[in-house]
1. Any idea which residue in region 120-152 is farthest from the ligand (Cβ to nearest atom), counting only those that are farther than 20 Å from G212 by Cβ, in a strand (DSSP E or B) and over 28 Å from the mean Cα position of the chain (by Cα)?
2. It is to be established whether one or more residues within region 98-117 are within 16 Å of the ligand (Cβ to nearest atom), under 32 Å from the mean Cα position of the chain (by Cα) and either surrounded by 15 or more Cβ atoms within 10 Å (Cβ to Cβ) or of a type outside the set (S, T, Y) (or both).
3. Go through A492, A456, A488 for me and flag whichever is closer than 23 Å to L516 by Cα, out of contact with any strand residue (DSSP E or B) (no Cβ under 8 Å at 6 or more places or on another chain) and either at pLDDT 90 or above or surrounded by fewer than 18 Cβ atoms within 10 Å (Cβ to Cβ) (or both).
4. Looking at region 358-398 only, could you name the residues that are open to solvent by 20 Å² or more (accessible area, probe 1.4 Å), modelled with pLDDT under 90 and among the aliphatic types (A, V, I, L, M)?
5. Looking at T91, is it within 24 Å of I129 (Cα to Cα) and surrounded by 14 or more Cβ atoms within 10 Å (Cβ to Cβ)?
6. Checking the conditions here, which among S421, S429 is in contact with a helix residue (DSSP H, G or I) (Cβ under 7 Å, 6 or more places away or on another chain), open to solvent by less than 50 Å² (accessible area, probe 1.4 Å) and among the polar types (S, T, N, Q)?
7. Let me spell it out: the conditions are (1) within 16 Å of the ligand (Cβ to nearest atom); (2) open to solvent by less than 10 Å² (accessible area, probe 1.4 Å), and P172 meets all of them except one. Which number is the exception?
8. Report whether or not A200 is open to solvent by less than 20 Å² (accessible area, probe 1.4 Å) and within 30 Å of L366 (Cβ to Cβ).
Amino acid sequence: MSLAAQPAARAAELRALLQHHAHRYYVLDAPEIPDADYDRLFAELQAIEAAHPALRTPDSPTQRVIGQVLDGLLPVVHARPMLSIRTETDTTAAGAQAFDARVRRELGLPDDAPPIAYCTELKFDGLAINLRYEDGVLVQASTRGDGQTGEDVTHNVRAIGQVPLRLFGWAPPVIEIRGEAYMRRDDFERLNERQREKGARTFINPRNTAAGAIRQLDSAGMADKRLSFFAYGLGEVQGWSGQPASHSATLEAIAAFGVPVCAERAVVQGAAGLVAFHERVAAERDRLPFDIDGVVYKVDALEMQQRLGFLTREPRWAVAHKYPAQEQTTRLDAIEVQVGRTGKLTPVARLAPVFVGGTTVSNATLHNLFELRRKGVREGDEVIVRRAGDVIPEVVGRIPAARPHYVPNFQMPRACPVCGSAVLRERGSVEHRCSGGLYCPAQRKQALLHFAGRRALDIEGLGEKLVDQLVDGELVRGLPDLYALDAARLSALDRMGEKSAANLVAMLERSKQTTLARFLYALGIRHVGESTARDLARHFGRMQRVMDASVEALQQVPDVGPVVAQSIQSFFAQPHNREVVEQLRAAGLGWPESDGLVDGSGDPSATQAALPLSGKTLVLTGTLPTLTREEAKALIEAAGGKVAGAVSKKTFAVIAGEEAGSKLEKARELGITVLDEEGLRGLLATDG
Ligand code: IVH
């Protein structure tokens, strides 16, 4: 079909194609075509629309433009009020039981009537949005406002990739889909990471960020903020003869229209079902990729919902059952400085203990001096602490209040609080570092823990408490001292029985047989992670060659750039570090060595070429359906491939599972092949 002859038909076809692929990409996170192909289709549609402006329909993917600026947000009177949900603040099982009992009473059910079916959902922590579709096309998006009147935020909601501009298949003439616009935690962390790198203000939490972005007049504010959307109900509906009779079936229908509905939902029976859901989600809460502040229970049968009706603005058929909050205010007692393994100084807030996100928190990070200053916190302030998911607790801001007396602003110490060495900051960096290296006990402790770690020399039993005792008691000054420990000296330590002392000695003995890759990793060289260590070992084969390698030679190793090469070279340029290696060897540490892939050994590819993934670097992201990360890695390596931690142009393929994050995004940006587990198995099976 030629473009000139049938522009209208081709434009319609392109819109449908792009809509399909946008759904695969944004909603299902399972693209079928590379980004470049999507871009080509998009450009073709743009060209047709430019030539024939009449063909530019509001549901065209080209209309997700960013940069529309409004004078003010216009009010929108909701066709049906946007209700709120009654909140059950008793966070125990009794909260769920009370709701079920109330519903049964209000329905006049006898005690022996069968349990009621409920649809259980998550309570998303974002901003309620009403999406109005007419003849399947998104015509308006509005906020909840006071429930009667909200604000028109169509310009910003259009920029949310997950919100379809046209519904799939047949849609009722009028349908309003209601749900929550929110920001995933990883998208939020990435945004703040970028802000920190720029030295710009960080955002408080995902919810405020999402709500702030959506209510902005200029949709350019959406460009750097990736928002998501989950539908949870309907507003006005006209002309839907086949409208489902239950809430759960309504959600299915909404999902079939192409609007995201959270999979974490269930139809359960009675109070016991509610309690089980509440408990299950509580256990999973930290692992969810977004914040929730509770779960929601809804009577599933719409007919029962109608009988129950409303109490002022709240339906009697729904309740929100809360969880402990992920943000709390507490008093900042003191700001102290912690020194990490690489010498980085981190200001840490000592807090009046506070229950937040399900645990008691008494320390929280302030990241760095510059961020601390921007937040303007001082000792004695009331501060907001956030602990969500597995992110370490952080102070996100202060409650503005007059300080009763003068409190000096926090200063970074000029000398390391642990060893007294000079504290330095590289030009342009926001990080302060102790220059003491392994002279610094804090760095020494961290270095020992790293050395003993599971992925390094795997010395079981050498944990934080023991390392503290060993370093503080001056039994261990450097890594080699570990191998001079004997059971007699160990059992003299606090809480160390004879048996555990003997165990530790045995573990130390066992750790002496290692691999070059593990040993290189264990040394804790800055920027040398597990995979770089493995590359170095494979490339050079012998420790001496790694130690003697020039910056140029180091850069011959795949994925080693100038920064990493420099770091390795500087590490071994220090006589002290070479000595540590010598002493460890003298203590009996050993590993198999080879000729590696450099010099004299002939063509390295000859030995490797027979394997299907020889010379190829893959990246793993997300959770695979049946393989653990370790297993997938082992399979890839057995097939001659390598697993890298980051996606680059050199990456051969990205293997993505569920909850894949930024690496998947990066792969798409660079047009790298993305495969699932099955795809990986396919690769392993093919030759060459
Ligand atoms: S249903 C009739 N379901 O909670 C009830 N609301 O107080 C209408 N919210 O700001 C809302 N998750 O945006 C419903 N699964 C969920 C929800 C949910 C979050 C928010 C909603 C509104 C507030 C209601």
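1. Applying the filter and picking the extreme gives V137.
2. Within region 98-117 (the criterion being within 16 Å of the ligand (Cβ to nearest atom), under 32 Å from the mean Cα position of the chain (by Cα) and either surrounded by 15 or more Cβ atoms within 10 Å (Cβ to Cβ) or of a type outside the set (S, T, Y) (or both)), the answer is no, since none of the residues qualifies.
3. After applying the criteria, what remains is A456.
4. Listed by number, the residues that qualify are V391, I392.
5. no
6. Exactly one residue qualifies, and that residue is S421.
7. Looking at each condition in turn, P172 falls short on (1).
8. Spelling it out, it is not the case that A200 is open to solvent by less than 20 Å² (accessible area, probe 1.4 Å) and within 30 Å of L366 (Cβ to Cβ).
The values are calculated or read from the model by the stated rules, or taken from the named source; none is laboratory data. All values reported here derive from a predicted model rather than from experimental measurement. Counting neighbours? That spans all protein chains shown, and the Cβs are built from the backbone with ideal geometry, glycine included. The protein model used for the area step is the full one, side chains on, heavy atoms only, and it has no ligands, DNA or RNA in it. Shrake-Rupley method; radii C 1.70, N 1.55, O 1.52, S 1.80 Å.
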